[in-house]
């Protein structure tokens, strides 16, 4: 008798071996509308949240070498912000498992003033294709909840960072303001799938993305996972009442 491990794909249980393929299908469908998707998911606030993330990162402004990795980097929103904030010595690598997302990002970045500083690599967050100690900073925005084994992704983040390197994660989280949680639930489960259907012709990817938020560990449990991966000085900041949260950890 074969014992097949299962995991969640939104609110559905699926064989663990199939989850990544299902997630890849979601992002293949939304790649060309990824920024619109984030606008729908956050009411446009994701742009301000990413600014907060980059501000907290505080990339060095001078000519000091600064190697940045943005995992699940999508269309380059975070990498572009980091490079515009960093000094002349900064470089960024966007690593994403989705070829469609990378193609969308490459087209976008090619039209910007930072094209020469940002490169693209296809890879899995659980098995990053980089040597240990390659980067000064690792960021992941709205991506880690789509990873099948979050603990492995966090261990890989720790591995590829240099001593003194910093991990920063921006992710939807648990709303911690009374009444806002009810409004957010209505927006998530009633409005977003319908808006997704109108904007992209398909509600299913948006239903998964909303459900995946509810399955992701809340603020304190996720902070504990970051510590378990080896990071120190772990902390988090709630944004917009906990609709999203930023988590920080250092490799010391």
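The values are calculated or read from the model by the stated rules, or taken from the named source; none is laboratory data. Everything numeric in this text was worked out from a predicted model, so none of it was measured. Positions of Cβ are generated from backbone atoms using ideal geometry, with glycine treated the same way; all protein chains shown enter the neighbour counts.
A few notes on this one:
- Within the range 220-233, one or more residues are at positive phi and not in a loop (DSSP other than H, G, I, E, B).
- Test: residue in the range 245-252 that is closer than 11 Å to residue 172 by Cβ, modelled with pLDDT of 95 or more and under 15 Å from the mean Cα position of the chain (by Cα): yes
- Selected residue [surrounded by 14 or more Cβ atoms within 10 Å (Cβ to Cβ) and farther than 24 Å from residue 251 by Cβ] from 105, 123: 105
- Pairs, first surrounded by 13 or more Cβ atoms within 10 Å (Cβ to Cβ) in the range 44-72, second modelled with pLDDT under 90 and in a helix (DSSP H, G or I), C-beta under 8 Å, six or more apart: 46/38; 46/39; 49/42
- The residues of the range 18-41 that are surrounded by fewer than 20 Cβ atoms within 10 Å (Cβ to Cβ) and either free of Cβ contacts under 8 Å to residues at least 12 places away in the same chain or within 17 Å of residue 198 (Cα to Cα) (or both), listed by number, are 18, 21, 25, 29, 32, 33, 35, 36, 39.
- So residue 157, is it surrounded by 22 or more Cβ atoms within 10 Å (Cβ to Cβ), over 24 Å from residue 48 (Cα atoms) and touching a residue at least 40 places away in the same chain (Cβ under 8 Å): yes
- Candidates 192, 252 - the one that is in a helix (DSSP H, G or I) and touching a residue at least 40 places away in the same chain (Cβ under 8 Å): 192
- Taken together, the residues in the range 137-152 that are part of a helix (DSSP H, G or I) and over 21 Å from residue 205 (Cβ atoms) amount to 2.
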